[in-house]
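Asks: Questions regarding the structure given below will be posed in turn.
The values are calculated or read from the model by the stated rules, or taken from the named source; none is laboratory data. Nothing here was measured: the structure is a model prediction, and the numbers come from that model. Quick reminder, even Gly has a Cβ in these numbers, built from the backbone with ideal geometry, and neighbours come from all protein chains shown.
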Amino acid sequence: MNEPLYVLKYRPDGKGCPYHLSGEFNQPEWEWRNFETKPHEAKITRDYSLRTTDGDLQFIDFDFYGTLAKYVSEQFVALCADLHVNSRQVPLDITYFKGGRPSKSYFVFLPADHLPMLDAEKSVTEVEVIDESGQPMMDRFFPDIPIYRRIEKFVSKDAETPHLFQCVELFSLVCTETFRAQALKRMLRGVEFIRLDDNFVYDPGAGW
């Protein structure tokens with residue numbers, strides 16, 4: 001029997017896990033795509049740093065942060081290494097507005113496994129459509145997969161998965177029970193695990 005799956009979501013607390021991490025990057029853009037499907041092939045030669053612009057923010061110790069781009073700590077990276085997660089990590093030097101650095105080292109996290117997990121026949125979904133033609137809008141990188149406006153009932157395919165991967169339909173990281181258990185044991189901060197089962201609802205307008 002395959003392991004239960006969970007969607008990773010950032011959970012702020014205002015105490016080391018800020019509600020919003022505002023800052024200025026030293027580079028105008030990434031050397032990879034926002035939804036990079038082959039991060040090991042991306043040519044990354046620059047150094048990346050982020051200087052926070054919130055003068056009141058003087059303490060950061062999250063292990064997982066972000067919506068589109070994901071920033072993770074060395075502890076999160078170590079867990080991925082232990083579970084043989086296929087990914088690439090780009091060092092990100094974070095400094096506070098008033099000087100100093102967090103005690104943890106940080107990275108931009110680029111997952112290398114991108115898997116379609118939705119059983120379309122068993123799930124209840126609503127797809128985005130092209131206004132001009134009324135045809136389903138398809139994923140740019142996975143042309144067989146439509147873009148979903150809402151998933152009322154998500155039924156996963158019965159398939160073995162890596163311990164952490166990017167779910168194509170959800171544009172989100174998904175992990176196994178093994179990954180979740182280890183993350184909780186190691187007390188990783190800033191990450192919430194939402195069970196991906198029949199009761200899971202995907203609604204981008206509501207924050208997904």
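Asks: Answer with yes or no whether Leu118 is buried (at least 17 other Cβ atoms within 10 Å of the Cβ) and either over 24 Å from Leu188 (Cα atoms) or aromatic (Phe, Trp, Tyr) (or both). Walk me through how you get there before you give the answer.
Replies: Working: buried (at least 17 other Cβ atoms within 10 Å of the Cβ): yes; either over 24 Å from Leu188 (Cα atoms) or aromatic (Phe, Trp, Tyr) (or both): yes.
Considered against the rule, which asks whether it is buried (at least 17 other Cβ atoms within 10 Å of the Cβ) and either over 24 Å from Leu188 (Cα atoms) or aromatic (Phe, Trp, Tyr) (or both), Leu118 comes out as yes.
Asks: Identify the residue in region 1-15 that is over 17 Å from the mean Cα position of the chain (by Cα) and closer than 27 Å to Leu196 by Cβ and, among all such residues, is modelled with the lowest pLDDT.
Replies: Met1
Asks: Mind checking whether some residue in region 80-89 is at pLDDT 95 or above and in contact with a Gly (Cβ under 8 Å, 6 or more places away or on another chain)? So that I can check it myself, show each step before the final result.
Replies: Step one: list which residues in region 80-89 are at pLDDT 95 or above, which gives 80-89.
Those still in the list that are in contact with a Gly (Cβ under 8 Å, 6 or more places away or on another chain) too: none.
Checking region 80-89: not a single residue is at pLDDT 95 or above and in contact with a Gly (Cβ under 8 Å, 6 or more places away or on another chain).
Asks: What number goes with the only condition from (1) within 30 Å of Ala159 (Cα to Cα); (2) of a type in the set (Gly, Ala, Ser); (3) surrounded by 13 or more Cβ atoms within 10 Å (Cβ to Cβ) that Ala81 does not pass?
Replies: So the condition that Ala81 fails would be (3).
Asks: Collect the residues in region 76-108 that are free of Cβ contacts under 8 Å to residues at least 40 places away in the same chain and of a type in the set (A, V, I, L, M, F, W, C), keeping them in residue-number order.
Replies: Within region 76-108, Val77, Ala78, Ala81, Phe107 qualify.
Asks: Got at least one residue in region 21-32 being under 18 Å from the mean Cα position of the chain (by Cα), of a type outside the set (Lys, Arg), within 21 Å of Gly190 (Cβ to Cβ) and surrounded by 13 or more Cβ atoms within 10 Å (Cβ to Cβ)?
Replies: Yes: region 21-32 contains one or more residues that are under 18 Å from the mean Cα position of the chain (by Cα), of a type outside the set (Lys, Arg), within 21 Å of Gly190 (Cβ to Cβ) and surrounded by 13 or more Cβ atoms within 10 Å (Cβ to Cβ).
Asks: Suppose we filter region 33-61 for residues that are acidic (Asp, Glu) and loosely packed, with under 11 Cβ neighbours inside 10 Å; how many remain?
Replies: Residues that pass the stated criteria total 2.
Asks: Kindly establish whether Phe200 is among the aromatic types (Phe, Trp, Tyr), under 30 Å from Asp61 (Cβ atoms) and touching a residue at least 12 places away in the same chain (Cβ under 8 Å).
Replies: yes
Asks: Among Leu184, Leu164, Leu110, which is the only one that is within 19 Å of Lys9 (Cα to Cα), modelled with pLDDT of 95 or more and surrounded by fewer than 19 Cβ atoms within 10 Å (Cβ to Cβ)?
Replies: Leu184
Asks: Does region 139-166 hold any residues that are charged (D, E, K, R) and part of a loop (DSSP other than H, G, I, E, B), and which are they?
Replies: First, pick out the residues of region 139-166 that are charged (D, E, K, R): 139-140, 144, 149-150, 152-153, 157-158, 160.
Within region 139-166, Asp139, Arg140, Asp144, Lys157, Asp158, Glu160 meet the criteria.
Asks: Mind checking which residues of region 165-182 are of a type outside the set (S, T, N, Q), out of contact with any Asp or Glu (no Cβ under 8 Å at 6 or more places or on another chain) and touching a residue at least 40 places away in the same chain (Cβ under 8 Å)?
Replies: Cys167, Glu169, Leu170, Phe171, Leu173, Val174, Cys175, Phe179, Arg180 - these are the residues of region 165-182 that are of a type outside the set (S, T, N, Q), out of contact with any Asp or Glu (no Cβ under 8 Å at 6 or more places or on another chain) and touching a residue at least 40 places away in the same chain (Cβ under 8 Å).
Asks: Among Glu121, Glu132, Glu29, Glu36, which is the only one that is in a loop (DSSP other than H, G, I, E, B), in contact with a strand residue (DSSP E or B) (Cβ under 8 Å, 6 or more places away or on another chain) and among the acidic types (Asp, Glu)?
Replies: Every option except Glu36 fails the conditions.
Asks: Now for a separate question. Going by what's in this entry, would Asp13 be described as in a loop (DSSP other than H, G, I, E, B) and exposed (fewer than 11 other Cβ atoms within 10 Å of the Cβ)?
Replies: Considered against the rule, which asks whether it is in a loop (DSSP other than H, G, I, E, B) and exposed (fewer than 11 other Cβ atoms within 10 Å of the Cβ), Asp13 comes out as no.
Asks: Identify all residues within region 84-102 that are within 22 Å of the chain's Cα centre (by Cα), surrounded by 13 or more Cβ atoms within 10 Å (Cβ to Cβ) and assigned to a loop (DSSP other than H, G, I, E, B); write none if there are none.
Replies: Val85, Asn86, Pro102
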